[in-house]
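Single-structure report; data block below.
The values are calculated or read from the model by the stated rules, or taken from the named source; none is laboratory data. Values in this document were obtained by computation on a predicted structure and should not be read as measured data. Positions of Cβ are generated from backbone atoms using ideal geometry, with glycine treated the same way; all protein chains shown enter the neighbour counts.
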Amino acid sequence: MKIALLAGDGIGPEIVAQAERVLRFLMADGLKMELESGLLGGCAVDATGEPFPEATRKLVIEADAVLLGAVGGLKYDNLPREKRPEQGLLTIRKTLNLFANLRPVILYPELANASTLKPEIVAGLDILIVRELTGDIYFGQPRGIEQRDGQRVGFNTMIYSESEIRRIAHIAFQAARRRQGKVCSVDKMNVLECTQLWRDIVTETAQTYPDVALTHMLVDNAAMQLVRDPKQFDVIVTGNMFGDILSDEASMLTGSIGMLPSASLNDQNKGLYEPIHGSAPDIAGKNIANPLATILSTAMMLRYSFNQEIAASRIEHAVKKVLKQGYRTADIFESGMKRVGTVEMGDAVLANM
Ligand code: NAD
Ligand code: IPM
Ligand code: MN
């Protein structure tokens with residue numbers, strides 16, 4: 001099992017270091033894995049001038065799975081778009097055809113008070129957001145900024161083909177079968193043709209899954225329902241941009257964006273695993289970032305890419321125990337708990353492995 005480690009920028013190296021310790025612990029314990037690091041994002045721009053250098057392209061194509069920290073930073077905000085760190089990430093997703101982004105939103109009971117919502121609203125929360133990741137306005141053409149009638153206009157294209165919608169819908173329905181059997185598809189069909197097609201194709205695909213209950217919701221309402229009564233949701237399936245926004249919103253139900261892992265999969269189980277958050281430049285280099293989203297992403301990697309269910313649950317159990325023992329990074333801290341830094345949180349997870 002060859003794993004490419006792309007730490008990236010900002011807090012990326014700090015959080016990936018803790019996840020790497022977890023993987024190395026499992027290797028010492030007999031799991032056969034090989035780790036190789038590569039450059040992606042701003043650090044790659046600094047070293048080579050490109051956010052996704054050729055060596056990294058080779059590495060991720062050869063690897064069986066990729067673990068990524070995060071990319072991006074203020075320093076790169078004035079670069080041309082194709083040189084931006086984020087472009088490196090988008091290109092990997094497209095190159096590996098990672099169309100299915102799974103973002104589990106799970107509240108660990110110990111963090112009920114860390115959530116900004118009342119504990120009773122979030123207790124027992126377990127949602128899976130299935131976000132389409134290689135289409136939509138992120139990749140649609142035409143796009144650009146150009147001169148029209150004496151002023152500049154900016155434009156992007158929201159576009160989905162039937163086959164792109166169908167394949168992500170199948171992922172959502174199949175996931176629902178292993179859960180509570182409910183899918184809520186989120187769109188904006190009252191305004192956007194692209195998402196009218198989305199609704200039509202999801203509805204059509206649902207006919208193959210009579211055992212799954214499908215509902216539809218407009219995205220503005222979905223954003224509101226997520227904070228009003230989040231437990232009404234089981235699986236949420238939506239497009240690339242709505243999924244990006246709703247998953248950051250949903251993360252706060254669990255206490256912190258530093259708690260949410262993700263898996264981005266293609267149809268060959270090749271996966272890229274990363275926390276849903278970014279490079280957090282405001283806290284980088286201070287040993288205060290929460291590494292649990294990244295550590296939990298390694299569990300998703302072992303489960304989805306390598307079928308190592310035992311190792312995956314071992315990591316997840318260690319995280320649960322750490323929270324039970326009261327270890328908290330700053331983002332999930334409450335009085336009476338043990339405040340720890342990024343490295344110490346890694347220590348605590350390893351101690352519980
Ligand atoms: P962000 O997710 O980096 O940070 C948002 C807020 O959450 C910040 O206050 C940050 O300190 C906090 N936060 C994030 N992760 C945390 C963690 N593990 N522990 C504790 N607190 C955490 O979003 P942003 O500030 O909008 O973006 C910063 C940069 O990251 C931008 O360049 C953006 O493009 C990039 N970004 C990258 C990815 C990725 O690589 N997958 C994802 C999102 C944003
Ligand atoms: C995410 C990020 C990325 C996205 C950016 C950095 C390209 O926000 O993974 O959620 O928008 O998909
Ligand atoms: Mn995002």
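What to note about this one:
- Pairs are defined by a Cβ separation below 9 Å, a sequence spacing of at least 6 or placement on different chains, a first member in the stretch 262-284 that is more than 19 Å from residue 41 (Cβ to Cβ), and a second member that is of a type in the set (D, E, K, R) and not in a loop (DSSP other than H, G, I, E, B); the pairs so defined are 263/103; 263/303; 267/167.
- When each of 232, 196, 225 is tested for being over 23 Å from the mean Cα position of the chain (by Cα), more than 16 Å from ligand 3 (Cβ to nearest atom) and of a type outside the set (Gly, Ala, Ser), the lone residue that passes is 196.
- Residue 120 meets each of the listed conditions (1) over 22 Å from residue 2 (Cβ atoms); (2) in a helix (DSSP H, G or I); (3) not assigned by TED's automatic domain parsing to the domain that holds residue 247 apart from (3).
- Selection from the stretch 44-66 of residues that are touching a residue at least 40 places away in the same chain (Cβ under 8 Å), of a type outside the set (S, T, N, Q) and not in a strand (DSSP E or B): 44, 45, 51, 52, 59, 60, 62, 63, 64
- All of 68, 102, 59 fail the test of being more than 16 Å from ligand 3 (Cβ to nearest atom) and of a type in the set (A, V, I, L, M, F, W, C), apart from 59.
- Residue list for the stretch 253-284, restricted to those being out of contact with any helix residue (DSSP H, G or I) (no Cβ under 7 Å at 6 or more places or on another chain), modelled with pLDDT of 95 or more and either more than 9 Å from ligand 1 (Cβ to nearest atom) or polar (S, T, N, Q) (or both): 266
- Just one of the numbered conditions (1) more than 13 Å from ligand 3 (Cβ to nearest atom); (2) farther than 21 Å from residue 7 by Cβ is not true of residue 240: (1).
- Residues in the stretch 142-166 that are surrounded by 10 or more Cβ atoms within 10 Å (Cβ to Cβ) and in a loop (DSSP other than H, G, I, E, B): 7 in all.
- Every test in (1) more than 14 Å from ligand 2 (Cβ to nearest atom); (2) closer than 14 Å to residue 130 by Cα; (3) not small (Gly, Ala, Ser) is passed by residue 240 save one, and that test is (1).
- Residue within the stretch 131-141 that is surrounded by fewer than 13 Cβ atoms within 10 Å (Cβ to Cβ) and either in contact with a helix residue (DSSP H, G or I) (Cβ under 9 Å, 6 or more places away or on another chain) or not aliphatic (A, V, I, L, M) (or both) present: yes
- Residue check, residue 114 surrounded by 19 or more Cβ atoms within 10 Å (Cβ to Cβ) and either in contact with a Leu (Cβ under 9 Å, 6 or more places away or on another chain) or touching a residue at least 40 places away in the same chain (Cβ under 8 Å) (or both): yes
- Among the residues of the stretch 58-101, those that are more than 14 Å from ligand 2 (Cβ to nearest atom), over 12 Å from residue 42 (Cβ atoms) and surrounded by fewer than 16 Cβ atoms within 10 Å (Cβ to Cβ) comprise 58, 61, 62, 78, 80, 95, 97.
- Residue match in the stretch 346-353 (condition: touching a Gly at 6+ places or on another chain (Cβ under 9 Å) and either surrounded by fewer than 19 Cβ atoms within 10 Å (Cβ to Cβ) or in a helix (DSSP H, G or I) (or both)): no
- Of the strands (runs of 3 or more DSSP E) contained entirely in the stretch 182-300, those carrying at least 1 residues that are not assigned by TED's automatic domain parsing to the domain that holds residue 128 and not acidic (Asp, Glu) fall at 263-265, 271-273.
- Condition met for residue 248 (within 12 Å of ligand 2 (Cβ to nearest atom) and surrounded by fewer than 21 Cβ atoms within 10 Å (Cβ to Cβ)): yes
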